[in-house]
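Engineer: The structure is given below, and queries will be raised subsequently.
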Amino acid sequence: MSQFFHIHPENPQARLIRHAADIVRNGGVIVYPTDSAYALGCHIGDKSALDRIRRIRRLDDKHNFTLVCRDLSEIATYARVNNTVYRLLRHATPGPYTFILKATSELPRRLQNPKRKTVGLRVPDNNIALALLEDLGEPLMSVTLIMPGEELPLIDPYEIREVLEHEVDLVIDGGWCGMEATTVVDLVEDTPLILRVGKGELAPFEDGS
């Protein structure tokens, strides 16, 4: 039976954030709000928790997870960021974007795209997510909470609890956080390539500013 926390979206309660972070550290799978939709998350180094998320979403080994980071410096630990990319990221984070970048040696190989050696990273503009990441002191391994056979993510925390109460360790009710996917931008080459149009302005990546 999963736990269920009501966390204030503007002023997250430190006690509950700390408890949620401890659940992640101890191998738990959580549902948490972001700036685009609710997501499933687990500890970056926990293969067992990662496999649980794969089972919930029915994902194969080729599906790319996203590293959800607290800031730009954390992104630079796990991905190669040159000056041009850094300027783009500085203007677009935090925000509803997922960036595809070349992985560094700090990133476990199982979390990389096996052919391109890339990883998806993002910094969400959500107070609960950022507080959780700050307490953890490292990224969350994450995927959007879209159930098998569905096209849209689950949006109601009470419905999420009903559907997943025996599958996850914690559901965080952070209120309404939307149901639109992030915009995905490939920054591996010199010119940004928009792979998926979602939430967020496209202009910074279309004109190279």
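The values are calculated or read from the model by the stated rules, or taken from the named source; none is laboratory data. Computed from a predicted model, the values in this text were never measured in an experiment. Because the Cβ atoms are built from the backbone with ideal geometry, glycine has one as well, and the counts that use them run over all protein chains shown.
Engineer: Taking strands (runs of 3 or more DSSP E) that do not extend beyond region 100-209, which have at least 3 residues that are under 19 Å from ILE53 (Cα atoms) and within 19 Å of the chain's Cα centre (by Cα)?
Structural biologist: Values: elements: 118-122, 140-144, 170-173, 183-186, 193-196.
Filter on region 100-209 gives 118-122, 140-144, 170-173.
Engineer: Quick test of your reading of the structure: ASP60 fulfils all but one of (1) in contact (Cβ under 8 Å) with a residue 40 or more places away in the chain; (2) over 17 Å from ARG161 (Cβ atoms); (3) out of contact with any Leu (no Cβ under 8 Å at 6 or more places or on another chain). Name the failing condition by number.
Structural biologist: So ASP60 meets the others, but not (1).
Engineer: Considering only residues of region 64-94 that are of a type in the set (A, V, I, L, M, F, W, C), in a loop (DSSP other than H, G, I, E, B) and under 18 Å from the mean Cα position of the chain (by Cα), which is modelled with the lowest pLDDT?
Structural biologist: Of the residues in region 64-94, the ones of a type in the set (A, V, I, L, M, F, W, C) are 65, 67-69, 72, 75-76, 79, 81, 85, 88-89, 92.
If we keep only those that are in a loop (DSSP other than H, G, I, E, B) as well, we get 65, 69, 81.
Cutting the leftovers down to under 18 Å from the mean Cα position of the chain (by Cα) gives us 65, 69.
Numbers: PHE65: 86, CYS69: 97.
Out of the qualifying residues, it is PHE65.
Engineer: Would you check if there is a residue in region 91-104 being free of Cβ contacts under 8 Å to residues at least 24 places away in the same chain and either more than 16 Å from ARG57 (Cβ to Cβ) or loosely packed, with under 14 Cβ neighbours inside 10 Å (or both)? Before you say what the answer is, go through the steps one by one.
Structural biologist: We begin by selecting, within region 91-104, every residue free of Cβ contacts under 8 Å to residues at least 24 places away in the same chain; these are none.
The answer is no, given that none of the residues of region 91-104 is free of Cβ contacts under 8 Å to residues at least 24 places away in the same chain and either more than 16 Å from ARG57 (Cβ to Cβ) or loosely packed, with under 14 Cβ neighbours inside 10 Å (or both).
Engineer: Additional query: Does VAL119 qualify as being touching a Phe, Trp or Tyr at 6+ places or on another chain (Cβ under 7 Å) and surrounded by 21 or more Cβ atoms within 10 Å (Cβ to Cβ)? Break it down into steps so the answer makes sense when it comes.
Structural biologist: Values: touching a Phe, Trp or Tyr at 6+ places or on another chain (Cβ under 7 Å): yes; surrounded by 21 or more Cβ atoms within 10 Å (Cβ to Cβ): yes.
Answer is yes for this residue.
Engineer: Continuing with this model, one more query. Determine which single condition GLY149 fails, assuming it passes every other condition in (1) surrounded by fewer than 19 Cβ atoms within 10 Å (Cβ to Cβ); (2) closer than 23 Å to GLU201 by Cα.
Structural biologist: For GLY149, the exception is condition (2).
Engineer: Among the numbered criteria (1) more than 25 Å from ASN11 (Cβ to Cβ); (2) surrounded by 21 or more Cβ atoms within 10 Å (Cβ to Cβ), which one does TYR86 miss?
Structural biologist: (2)
Engineer: Then there is this: Given the conditions (1) of a type in the set (Val, Ile, Thr); (2) closer than 30 Å to ALA203 by Cβ; (3) surrounded by fewer than 22 Cβ atoms within 10 Å (Cβ to Cβ); (4) touching a strand residue (DSSP E or B) at 6+ places or on another chain (Cβ under 7 Å), report the number of the one that THR66 does not fulfil.
Structural biologist: The number of the failed condition is (3).
Engineer: Hey, LEU89 hits all of (1) over 24 Å from ALA203 (Cα atoms); (2) touching a helix residue (DSSP H, G or I) at 6+ places or on another chain (Cβ under 7 Å) but one; which does it fall short on?
Structural biologist: The single condition LEU89 does not satisfy is (1).
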